[in-house]
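Enquirer: The structure under discussion is supplied below as structure tokens; questions concerning it will follow.
The values are calculated or read from the model by the stated rules, or taken from the named source; none is laboratory data. None of the values given here were measured: they were computed from a predicted structure. So basically every Cβ, Gly included, is an ideal-geometry build from the backbone, and we count neighbours across all protein chains shown.
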Amino acid sequence: MTIRRPSAEASPDTWMAFARMLAVVTVGYNVIEGLVSMGFGAADESMALFGFGADSFIEVGSALLVLWRLRAKEGCAATGLRRERQATRGIGILFLLLAAGIAVGSIAQLATHRHPETTLPGVIISLVSLGGMAWLWRAKRAAADALDSRTLQGDAACSLACIQLSAVLFAGSLLFVHWPALWWVDALAALVLCGFIAKEGIQGIRAAARPDFDGGCGCH
């Protein structure tokens, strides 16, 4: 089945259906990616790959919040705004949990001088994730712009974080293969990344708490 992005002139209903489809695809893809990554990570004693798989379920949580938000009945502005606020806050909390998990794993790696494992499954999974999540991120950004939704914007940012984590996993594995002395690079990069992820979460939570919150992402 081909998922086509609606045209810029498409109706809000068309974009809503597209956003729902993206959320369903996100849930399905990340559940599979998470289970496969955690399975290979446990079998190969790869904490980097196991942690990457666990992070996939943060993306699942974000997509489920999007589906819940989009269930608000058309024409019920109060319900829609309330769900937009709650979903925005929920995604912000997921960002903070993701940042905390990355920080703990990275600090543990630096403290134990544990190099990133370079299993073939890790390289393959990170490459597949880079391609698939890049498409999802662009599509979600387009939907957020078309619907002017803070929730969809946050979900798109969650996909971007997944892309960045995939890049860190892939680059860390390759660096260790060629330059073992740089075992610490991916942990340091992940720590820097978790700072940006935490900032995104805090901004979402603060936006949802504002009395003048209107659900928009400032795209228009």
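Enquirer: Mind checking which residues of segment 175-216 are outside any helix (DSSP H, G or I), among the hydrophobic types (A, V, I, L, M, F, W, C) and touching a helix residue (DSSP H, G or I) at 6+ places or on another chain (Cβ under 8 Å)?
Expert: Across segment 175-216, the qualifying residues are 183, 184, 213.
Enquirer: Sticking with this one: Between 148, 155, which is at positive phi and not polar (S, T, N, Q)?
Expert: Step by step, each of 148, 155 is checked, and only 148 is at positive phi and not polar (S, T, N, Q).
Enquirer: Just one of the numbered conditions (1) modelled with pLDDT under 80; (2) surrounded by fewer than 21 Cβ atoms within 10 Å (Cβ to Cβ); (3) under 30 Å from residue 67 (Cα atoms); (4) aliphatic (A, V, I, L, M) is not true of residue 202; which one?
Expert: For residue 202, the failing item is (1).
Enquirer: In segment 50-108, which residue that is modelled with pLDDT under 85 and among the hydroxyl-bearing types (Ser, Thr, Tyr) is nearest to residue 120 (Cα to Cα)?
Expert: 106
Enquirer: Can you tell me how many residues in segment 131-149 are at pLDDT below 90 and surrounded by fewer than 19 Cβ atoms within 10 Å (Cβ to Cβ)?
Expert: The qualifying residues number 2.
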